[in-house]
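The values are calculated or read from the model by the stated rules, or taken from the named source; none is laboratory data. This structure is a prediction, so every number in the text was calculated from the model and none was measured. Every residue, glycine as well, gets a Cβ built from its backbone with ideal geometry; the counts of neighbours run over all protein chains shown.
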Amino acid sequence: MIAIDKAQVDKIIKKRNTELKRQHNRAYDKLEKLKKNNILSHKESHILRRILRGFKKFSLVTLSINEMVNLSEEIGIMPKTPKRKFAGKNSKTFLKDEILKALGYETKRGSFYPEYFSELGIKSCVYCNSQLTLSLKKEKIGTKKKYIAKFQVDHYYPKAKYPYLSIALFNLYPTCASCNNAKKDDDIQFQLYQERHEINHNLMGFELDQAQKSKFLVTRESREIEYTFFNKTCPEYDEKFHITEIYKSQKDVAEDIILKSQTYDKNLRKQLKKFENINDAHIDRIILGNYTNPNEIHKRPMAKFMQDIAREAGLKISL
Ligand SMILES: [Zn+2]
């Protein structure tokens, strides 16, 4: 919904340099081994050689956005190959599957990504901001099948077409399961990682209908509350992710915020300030019940909606 400063990713890359280098080396070695697989068709061998050539220079994990653009053009998408038997199964996507396996994308969903994205401050879906990015997946653990919570990630360059970019950090867009399904491999005009000066928090958001707000204050009926979602750069965004529909069910949240804006008492802030180690940002968060800094909307579901409604309702916190 809102871009994040790409410098934050660069900072983590610097900090975790050794570990990320190891991730690249491990994946690259596995791709090298794959090259020796004699089941590959001529077309597949050719594309794999291009991949190996490309990633001799660049990291599979930490390549920059520009490098990602260049390599995706240079290497291209996975070729369509005829169905053939592999390990007893008919496989049409052998090379793609093997590349994903070599890069360890699935394993990272349960291990590396939860930690990495928490460090980056992303816990809620970057498209709808209404749900968490974890989803349950049934997996075989030992002899039994169990549900485990895995990180859901969408790829700007879809992993079906560009599996070699499946672990590139700048290609990872944490999402909820519904948005990931809704988006599929479609292009959507939204860049999650941007330079700080390019980020505009006002291109997308929610507007509270002030006349309806007044009606609500008289009737105290939450169904009177109306708000609209807008997106100035990507008109198909709402239709794709059903934002209006999702948030239509959150009138009680808007109701709470409007009531808070009416009942806010400066003494509350004074009272809270009496506690040790509590600053204005904490107090604002307690009052809103969510993060109040526009740069922190990915830290908790609904933050964007709640910040916008609070601003429009005139809740006296710094937003
Ligand atoms: Zn979502």
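Of note:
- So Thr233, is it β-branched (Val, Ile, Thr), in contact with a strand residue (DSSP E or B) (Cβ under 8 Å, 6 or more places away or on another chain) and surrounded by fewer than 13 Cβ atoms within 10 Å (Cβ to Cβ): yes
- From the options Gly76, Gly110, residue that is within 28 Å of Lys299 (Cβ to Cβ) and either more than 16 Å from the ligand (Cβ to nearest atom) or at pLDDT 90 or above (or both): Gly110
- In this structure, Lys159 does not satisfy being modelled with pLDDT under 95, more than 16 Å from the ligand (Cβ to nearest atom) and more than 18 Å from the chain's Cα centre (by Cα).
- From Leu52, Leu71, Leu48, residue being farther than 20 Å from Tyr156 by Cα, of a type outside the set (Phe, Trp, Tyr), touching a residue at least 40 places away in the same chain (Cβ under 8 Å) and in a helix (DSSP H, G or I): Leu48
- Restricting the stretch 246-276 to residues that are surrounded by 11 or more Cβ atoms within 10 Å (Cβ to Cβ) and under 20 Å from Cys179 (Cα atoms) leaves a set whose member that is nearest to the ligand (Cβ to nearest atom) is Ile246.
- Residues (assigned to a strand (DSSP E or B) and among the charged types (D, E, K, R)) located in the stretch 163-216: Glu207
- Residue list for the stretch 9-42, filter: closer than 21 Å to Phe112 by Cα and touching a strand residue (DSSP E or B) at 6+ places or on another chain (Cβ under 9 Å): Val9
- If you check Ala211, Ala182 for being surrounded by 12 or more Cβ atoms within 10 Å (Cβ to Cβ), at negative phi and either more than 23 Å from the chain's Cα centre (by Cα) or of a type in the set (Gly, Ala, Ser) (or both), only one passes: Ala182.
- Qualifying positions in the stretch 27-44 - surrounded by 15 or more Cβ atoms within 10 Å (Cβ to Cβ) and either touching a residue at least 60 places away in the same chain (Cβ under 8 Å) or part of a helix (DSSP H, G or I) (or both): Ala27, Tyr28, Lys30, Leu31, Leu34, Glu44
- Checking each residue in the stretch 119-156 for being within 16 Å of the ligand (Cβ to nearest atom), over 19 Å from Ile12 (Cβ atoms) and among the hydroxyl-bearing types (Ser, Thr, Tyr) picks out Tyr127, Ser130, Ser135.
- Hey, Ile225 modelled with pLDDT of 95 or more, within 16 Å of the ligand (Cβ to nearest atom) and surrounded by 16 or more Cβ atoms within 10 Å (Cβ to Cβ) or not: no
- Tabulated pairs, the stretch 182-207, first over 14 Å from Tyr127 (Cα atoms), second among the polar types (S, T, N, Q), C-beta under 6 angstrom, 6+ apart or interchain: Glu207/Thr228
- Per the conditions (1) within 16 Å of the ligand (Cβ to nearest atom); (2) at pLDDT 95 or above; (3) among the aromatic types (Phe, Trp, Tyr), the sole criterion not satisfied by Phe190 is (2).
- Flag for Tyr116 being more than 16 Å from the ligand (Cβ to nearest atom), closer than 26 Å to Asn66 by Cα and at pLDDT 85 or above: yes
- Inter-residue pairs, beta-carbon under 6 Å, first charged (D, E, K, R) and in the stretch 92-119, second part of a helix (DSSP H, G or I), 6+ apart: Lys96/Pro163; Glu98/Leu34; Glu119/Ile12
- Single match in Leu165, Leu172, Leu208 (criterion: of a type in the set (A, V, I, L, M), within 16 Å of the ligand (Cβ to nearest atom), out of contact with any Cys (no Cβ under 6 Å at 6 or more places or on another chain) and modelled with pLDDT of 90 or more): Leu172
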